[in-house]
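Structure record follows, encoded as structure tokens.
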Amino acid sequence: MTSEAITAAAAGTWQLGDLTVNRIGFGAMRLTQTGGALVPDAVASDRGRALGVLRRAVELGVNHIDTASFYFSPLRSANELINRALAPYADELVITTKVGPGRDPSGNFWWAEPGQLRGQVEENLRQLGRDHLDVVNLRLPASAADQSIAEHFGALAELRAAGLVRHLGISNARAHHLAEARAIAPVVCVQNPYGIGSSAEDHAFVDECGKQGVAFVPFFAIAGAGKESGMAGDDAEQVRALAAAHGVSAAQLRLAWTLNRGPHVLAIPGTGNPDHLVENVAAGTVRLAPEEIALLNSL
């Protein structure tokens, strides 16, 4: 597959509220150091290369970038890199961030109370150099799986009404969280871990988001069980065989499967490698037959 001439527009578009994005986006977590911002003791990224990857992504038609103020390493901040590489921002560029988790200067995590969310929103605004945030996801801790999110999401809804935030989403969430949030304010996206090998419950939630017109934005779509460390390299034989049949890499096949799950499913693969960036964008042209999708669903 020739990838150089392929742009993110090849994957089609979706609406995040009133914002149109190409379904292939870019995740900024891996820009700060090898393995990503959340991997301890990793090697700092080359600053010039990271800035170049961001600019190249936009050249390739990427207009949806996912980031967070807690994506930082001892030497790099994803938000600062985005600001330096892309400001002043093009009108069509949508920057999505997330709040809920915080990190102290040593990198240790803490979780915000409802009253602390404004400070996290303002920190993202400052780092990105924006007067409003396009989309803010409320990221939930694992401990909130069976808990109400009404207070936290209500606090973000107030910031949306005040004009600091344009659209809202939820992350690491379940179906009951989506229903609870939508009763408070419009929800434009759900951002969850998801990929080949996910559970039947996860597949059902993706489909339910589609029925409700809510974008589903998976993270770890390539990495799978490798999570922050990246793809484990032990793909199932079926994945390798299908990738070879389509003339693509296993990573590209994983992205193609993600996009083929429904028109409301977006992808935000992250990389600090300009060659991988081109390959990721090119995955938007891979079309899988229904029986191939079903096979990969069953893994």
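The sum of -39500 (n - 2.57) across all DSSP H runs of n ≥ 4, divided by the residue count of the chain, sets its helix-only mean residue ellipticity at 222 nm to -10500 deg cm²/dmol. Using heavy atoms of the protein chains and a probe of 1.4 Å, the accessible area assigned to residue 180 is about 50 Å². Eigenvalues of the alpha-carbon gyration tensor of the chain, scaled by 5 and square-rooted, set the equivalent ellipsoid semi-axes at 28, 23, 18 angstrom, largest first.
Averaged per residue, the chain has 42 square angstrom of accessible surface, using a 1.4 angstrom probe with ligands and nucleic acids left out. Oblate is the label for segment 234-299. Its Cα gyration tensor axes, ordered a ≥ b ≥ c, give a/c of at least 1.5 and b/c at or above a/b. Simple rule: put +1 on each Lys or Arg Cβ and -1 on each Asp or Glu Cβ in the chain, find the dipole, and look at 111, 278, 81; the Cα lying farthest toward the positive end is 81. Put the Cα centre of segment 81-126 next to the Cα centre of segment 254-275 and the gap is 23 Å.
Segment 17-142: D in µm²/s via Stokes-Einstein (Kirkwood Rh, Cα pairs, 20 °C, 1.002 mPa s)? Don't jump to the answer; show the numbers that get you there.
Details: Rh = 14.9 Å.
Once the numbers are plugged in, D ends up at 144 µm²/s.
Of the peptides 132-138, 5-11, the ranking by mean beta-carbon count within 10 Å, highest at the top, reads 132-138, 5-11. The GluC sites (Glu not before Pro) of segment 1-107 that DSSP puts in a loop, and whose beta carbon has at most 10 other beta carbons within 10 Å, are 4.
Across segment 51-63, coupling constants 3J(HN,Hα) worked out from phi with the 6.51/-1.76/1.60 Karplus curve, θ = phi - 60°, read 4, x, 4, 4, 5, 5, 4, 5, 4, 8, x, 5, 10 Hz, and Gly and Pro carry x. Residues whose amide H falls under 5 Å from that of residue 66, counting only those 5 or more places apart or on a different chain, are 26, 27, 28, 96, with hydrogens built in the peptide plane.
Which of rounded, prolate or oblate describes segment 71-154 when judged by the alpha-carbon gyration tensor and an a/c cut-off of 1.5? Note, shape of segment 71-154 comes out oblate.
For segment 1-71, build the convex hull from the C-alpha positions and give me its volume per residue in Å³.
On the way: hull volume 8.0 nm³, N = 71.
Considering the Cα atoms of segment 1-71, their hull volume per residue is 113 Å³.
Projected label points at residue 15 and residue 146, each 7 Å from Cα along the beta carbon direction, are separated by 3.8 nanometres.
Computed over the Cα atoms of segment 52-109, pair by distinct pair, the Kirkwood hydrodynamic radius stands at 12.4 angstrom.
For the chain, which whole percent of the accessible surface, found with a 1.4 angstrom probe, sits on carbon and sulfur atoms? Mind showing how you got there, number by number?
Details: 6400 of 12540 Å².
Looking at the chain in its full context, I get 51 percent from C and S.
Measuring with a 1.4 angstrom probe and ignoring ligands and nucleic acids, residue 106 comes out at about 90 Å² accessible.
Each residue of segment 108-123 is assigned a 3J(HN,Hα), and the resulting list reads 6, 8, 9, 10, 6, 7, x, x, 9, 5, 4, x, 5, 4, 5, 5 Hz, derived from the Karplus form 6.51 cos²θ - 1.76 cosθ + 1.60 (θ = phi - 60°), x at Gly and Pro.
By a 1.4 Å probe calculation restricted to protein chains, residue 72 has an accessible surface near 40 Å², given to the nearest 10.
The values are calculated or read from the model by the stated rules, or taken from the named source; none is laboratory data. Small disclaimer: the values here were computed from a predicted structure and weren't measured. So basically every Cβ, Gly included, is an ideal-geometry build from the backbone, and we count neighbours across all protein chains shown. We work out accessible area using only protein heavy atoms, side chains counted, and drop any ligands, DNA or RNA first. Shrake-Rupley method; radii C 1.70, N 1.55, O 1.52, S 1.80 Å.
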